[in-house]
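So the structure is just underneath, and the comments pick up after that.
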Amino acid sequence: MNLRTDTAVADDLRISILSSGSTGNVAYVESPNERIMIDAGLSGKKIEKLMGDINRNMNDVNALLVTHEHSDHRQAVGILARRYEQLNVYANKGTWDAMDSKIGKVELAQKHLFAPDTVQTFGDIDVESFSVSHDAAEPQFYAIHYHGKTFVILTDTGYVSEHVEGVIKDADAYLLECNHDVEMLRMGEYSWPLKQRILGDKGHLSNEEGADALMDVLGNRTKKIYLGHRSLHNNMQSLCHLTVASMMENRDFGVGHDFQLIDTNPEEATPLVAL
């Protein structure tokens with residue numbers, strides 16, 4: 001299916017969450033001059049299909065930014081780089097070292113370093129990287145800036161530090177992790193060591209922790225909040241949405257009025273919309 005795109009003017013920043021969840025993560029951002037993908041945690045074929053669903057094509061993507069080496073974020077990095085010669089891949093040194101042997105050959109000319117806590121410019125888009133706490137080699141996420149608009153991607157972190165809060169405060173849109181319901185995780189079939197890993201400081205944000213983080217950083221500019229990286233086994237879309245909405249409403253945040261809470265799906269892209 002082809003998803004409807006909005007009727008925004010030509011100079012807007014547009015975003016689509018192609019996939020978000022414990023089984024795969026891909027986001028797409030475009031300006032009038034640039035096309036950027038963040039992570040490639042599905043098969044190449046699936047990513048191409050999801051791009052088609054929003055009426056876009058991988059041939060037009062200039063850059064692929066990788067957050068860390070876990071397979072649900074880098075699965076198709078090598079496949080896409082080999083298939084699309086114009087695609088430049090960016091990651092920090094720790095991530096490159098950790099994923100290089102897992103993604104197959106990528107031409108040297110396509111491989112680029114993006115150090116943590118720095119800014120790189122891609123045409124008319126500035127991208128700011130920031131380090132997070134996760135059990136990966138050197139995990140980092142990104143804030144995308146374009147003409148006064150900011151879109152923040154933050155998943156796969158055990159907590160949100162004061163430094164990160166400062167970097168991401170008052171963005172126009174967020175893709176923020178609400179990975180698990182704590183009771184579902186504790187009562188579920190995962191091994192105790194895996195449960196400890198998910199609940200720990202280098203694991204994942206729960207629904208409640210995601211809501212708390214959002215309430216600390218959203219501002220008057222914030223209009224869209226995508227609830228991301230939901231666990232297939234330890235969460236449900238309805239529970240995730242209800243938990244975050246209820247917590248925010250109890251603190252007098254204008255859910256549905258001042259901003260939208262938007263569910264994401266590992267199998268279906270969100271519509272390409274303007275900020």
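The values are calculated or read from the model by the stated rules, or taken from the named source; none is laboratory data. The shown structure was predicted, so the numbers you read here are calculated from the model rather than taken from an experiment. No Cβ is skipped: glycine too gets one built from the backbone with ideal geometry, and neighbour counts run over all protein chains shown. Only protein heavy atoms, including side chains, enter the accessible area calculation; ligands, DNA and RNA are left aside. Shrake-Rupley method; radii C 1.70, N 1.55, O 1.52, S 1.80 Å.
Using DSSP, restrict attention to beta bridges with both residues in the chain and report what percent are antiparallel, rounded to the nearest 5. DSSP beta bridges in the chain are roughly 50 percent antiparallel.
Each 5 Å bin from zero up to the one holding the largest Cα-Cα distance in the stretch 194-275 carries the following percent of pairs: 3, 12, 25, 23, 19, 12, 4, 1.
Across the cross-link table entries K45/K102; K169/K195; K49/K223; K46/K224; K169/K224; K149/K223, which are compared at the Cα atoms, the separations over 20 Å belong to K169/K195; K49/K223; K46/K224. In straight-distance terms, cross-link reach from K202 covers every one of the aspartates and glutamates whose alpha-carbon lies under 14 Å from its own, apart from those fewer than eight places away in the same chain; here that gives D135, E138, D156, E177.
How do T67, T118, T243 rank by accessible surface area computed with a 1.4 Å probe, from largest to smallest?
Working: T67 0, T118 45, T243 25 Å².
Final ranking, largest accessible area leading: T118, T243, T67.
Go through 25-33, 154-162 and give me the packing order, highest mean Cβ count within 10 Å leading.
Numbers: 25-33: 22.3, 154-162: 20.7.
For the peptides 25-33, 154-162, the packing ranking is 25-33, 154-162.
Each residue of the stretch 181-195 was assigned a 3J(HN,Hα) from its phi angle through the Karplus expression (A = 6.51, B = -1.76, C = 1.60, θ = phi - 60°), giving 8, 4, 5, 4, 5, 5, 8, x, 8, 4, 5, 4, x, 5, 4 Hz with x at Gly and Pro.
Short to long, the 10 Å bins of the Cα pair-distance histogram for the chain hold 7, 31, 39, 20, 3, 0 percent of all pairs.
Relative contact order, whole percent, for the chain stands at 21, derived from Cα pairs under 8 Å and 6 or more residues apart. In the stretch 45-187, inverting the average of 1/r over every pair of distinct C-alpha atoms gives 16.3 Å as the Kirkwood radius. Per-residue packing, averaged as other Cβ atoms within 10 Å, sorts the ranges 78-91, 129-142 into the order 129-142, 78-91, beginning with the highest.
Compactness of the stretch 138-233 was expressed as the Cα radius of gyration divided by 2.2 N^0.38 Å, which yields 1.12.
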